[in-house]
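Each remark here refers to the structure printed beneath this line.
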């Protein structure tokens with residue numbers, strides 16, 4: 001079921017999203033996802049910095065002709081807060097996230113990883 005996500009459009013975005021879901025990253029254990037994100041930036045040939053507290057900073061130059069415009073910053077966190085039903089087997093330190101696609105949306109099943117408890121900034125990975 002997890003591979004169904006690779007059939008969504010635009011494929012280039014879902015391909016990268018799927019790769020991201022394959023890196024286990026419970027809270028306080030972000031080393032693998034930190035390296036994944038840093039390598040992503042390096043592979044694109046972009047200036048990539050991991051600072052002293054573990055933030056990954058990827059800098060992309062402005063489009064030619066737009067160098068004098070204001071820049072933007074996109075921010076997110078790398079960890080996921082693991083939760084699952086007691087009857088399910090899932091090692092959040094080793095197992096990748098598994099997804100299903102229903103009506104082009106990820107529908108929550110039996111293991112849920114809440115990215116935020118703040119309703120204005122919430123997102124969830126839906127896994128089976």
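Just so it is clear, none of the values below were taken in a lab; they were calculated from the coordinates. Everything numeric in this text was worked out from a predicted model, so none of it was measured. For neighbour counting, all protein chains shown are included, and Cβ atoms are generated from backbone atoms with ideal geometry for every residue, glycine included.
Computed extension gain for residue 22 through residue 43, at 0.36 nm per residue and net of the alpha carbon distance, reaches 5.8 nm.
Put in line by how crowded their Cβ is, counting other Cβ atoms within 10 Å and starting with the fewest, 6, 20 read 6, 20. Residue exposure proxy: 58, 5, 13, 72, ordered by other Cβ atoms within 10 angstrom of their Cβ from fewest to most, comes out as 72, 13, 58, 5. Can you give the FRET efficiency for residue 3 and residue 93, using 1/(1 + (r/R0)^6), R0 = 25 Å, r = Cβ-Cβ distance, to the nearest 0.05? Calculated value: 0.65. Modelled spin-label separation between residue 53 and residue 83, with each label point placed 7 Å from Cα along the Cα-to-Cβ direction: 2.6 nm.
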